[in-house]
Amino acid sequence: MKIAVLPGDGIGPEIMAQAVKVLQALGLPMEMEWADVGGAAYESSGHPLPEGTLKLAQAADAVLFGSVGDWKYDTLERALRPEQAILGLRKNLGLFANFRPAICYEQLTHASSLKPELVAGLDILIIRELTGDIYFGQPRGRRVAVDGHFPGAEEAFDTMRYSRPEIERIAHVAFQAARKRRGKVTSVDKANVLETFQLWKDVVTQVHSQYPDVQLDHMYVDNAAMQLVKAPKSFDVIVTGNMFGDILSDEASMLTGSIGMLPSASLDKNNKGLYEPSHGSAPDIAGNGVANPLATILSAAMMLRFSLNQEAAAQRIEAAVQKVLAQGLRTPDIYSEGTTKVGTAEMGEAVVRALA
Ligand code: IPM
Ligand code: MG
């Protein structure tokens, strides 16, 4: 099993060190190779996604990714900004299916900003299409407006687009995932306004005819944003486009107490994948040893499950995470009175001990 380890920027290296420790403690035959990505790669080789990093990712069985980005790169031309690294990896590796589970662990019910009864036992799965939509649609750019409200003014534009096959394949992923869960898919769109999402809704409805055992609901994205904080447990699987999924998955993370708990998997059509915490690089706390490594550790568990065919090892990690939470260990983002505050490395070491 060959794993490309890309720690990236900000808290990336700190949290990755803990995930690697946990993986190594499993005693499985794993070969890990490190490379720079994002701002770190820009510093070392002038590009956020250097050829060598991309090649390593392509050759590996799976990619474990930390986080990229720092405000100090905000003034660089877009092609050189750290975010282009993760977007480039998604595009080049064909990682169209993004799984973002939002699970509220029993011990963290009180860390959520919502009332405990609303989130206790929460277990939803957001499936975000990851290589299309307004993120990648061409054309895009800046120009002088020839029409609109202010002809002659500077304007910027992006293109929202989805093709039928792109929608079909993500719909299949969602229905198949729902079959292994509670059998319900909510497709989130904006069909009341956007052509792109009318096609989305039509295609998801058509694909659904192949899954009569799964329940399908449609919901507009604004309503979905509201229902997520009103009645989050009414959802099972949410399937949506790239941009809506970006926004709703951050919202959903807060239901669980902290975005520091949320892993993610981004898969291609053969289940090869990139695994990363759903949170960003948090440059404000980087280097302080306080970041929560659990999202990255749980991402490593997803990697074992989806790409490396090691279900037992995945479950061992997940059980170990449950155990350290039960022991009352908390990084500052999930700390509450009566628990024990620990740093990044202590949390990682506790998970390693709990594996035993
Ligand atoms: C995410 C992030 C990325 C995205 C950024 C870093 C490009 O917010 O993975 O959700 O917008 O997809
Ligand atoms: Mg995001």
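Every number in this text was worked out from the coordinates using simple rules, so none of it is lab data. Please read these numbers as outputs of a predicted model, since none were measured by experiment. Don't worry about glycine lacking a Cβ; one is built from the backbone with ideal geometry, like all the others, and counts go over all protein chains shown.
Tabulated data for the structure shown
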{"item": "Whole-Å semi-axes of the ellipsoid equivalent to the stretch 126-186 (Cα gyration tensor, √5λ, descending)", "result": "37, 11, 8"}
{"item": "Charge dipole of the stretch 113-256 about the Cα centre (unit charges at C-beta), most positive-ward option of 237, 114, 183", "result": "183"}
{"item": "Ranked packing of 16-27, 294-305, 158-169, most packed first, by mean Cβ within 10 Å", "result": "294-305, 16-27, 158-169"}
{"item": "Debye intensity ratio I(q)/I(0), log10, the stretch 172-256, q values 0.12, 0.15, 0.21 Å⁻¹ (C-alpha model)", "result": "-0.33, -0.52, -1.01"}
{"item": "Rounded if a/c under 1.5, otherwise prolate or oblate - the stretch 113-256, Cα gyration tensor axes", "result": "oblate"}
{"item": "For residue 161, distant residues with modelled amide H under 5 Å away", "result": "133, 134, 137"}
{"item": "Global geometry of the stretch 237-356, whether rounded, prolate or oblate, following the gyration tensor of its Cα atoms and the 1.5 cut on a/c", "result": "oblate"}
{"item": "About the Cα centre, charge dipole magnitude for the chain (Lys/Arg +1, Asp/Glu -1 at Cβ), debye", "result": "840"}
{"item": "Sum of -39500 (n - 2.57) over DSSP H runs of 4+, divided by residues of the chain (222 nm, nearest 500)", "result": "-12000 deg cm²/dmol"}
{"item": "Tally of Lys pairs whose C-alpha atoms are under 19 Å apart, taken over the stretch 113-256, 8 or more apart or cross-chain", "result": "7"}
{"item": "Packing rank of 236-244, 79-87, where each peptide gets the mean count of other beta carbons within 10 Å, highest leading", "result": "236-244, 79-87"}
{"item": "Cut-off 18 Å, label 7 Å out along Cα→Cβ of residue 161, residues of the stretch 116-151 by amide N", "result": "130-143"}
{"item": "Principal axes of the chain: Cα extent on each, largest first, Å", "result": "63, 50, 38"}
{"item": "DSSP beta bridge pairing in the chain, given as percent antiparallel to the nearest 5", "result": "40"}
{"item": "Cα shape, the stretch 1-66, gyration tensor, a/c 1.5 rule", "result": "oblate"}
{"item": "Reach of residue 91 by Cα under 22 Å, taken over lysines that are not fewer than 8 positions away in the same chain", "result": "2, 55, 269, 272"}
{"item": "Relative packing of peptides 3-10, 213-220, 128-135, 267-274 - highest average C-beta neighbours within 10 Å first", "result": "3-10, 128-135, 267-274, 213-220"}
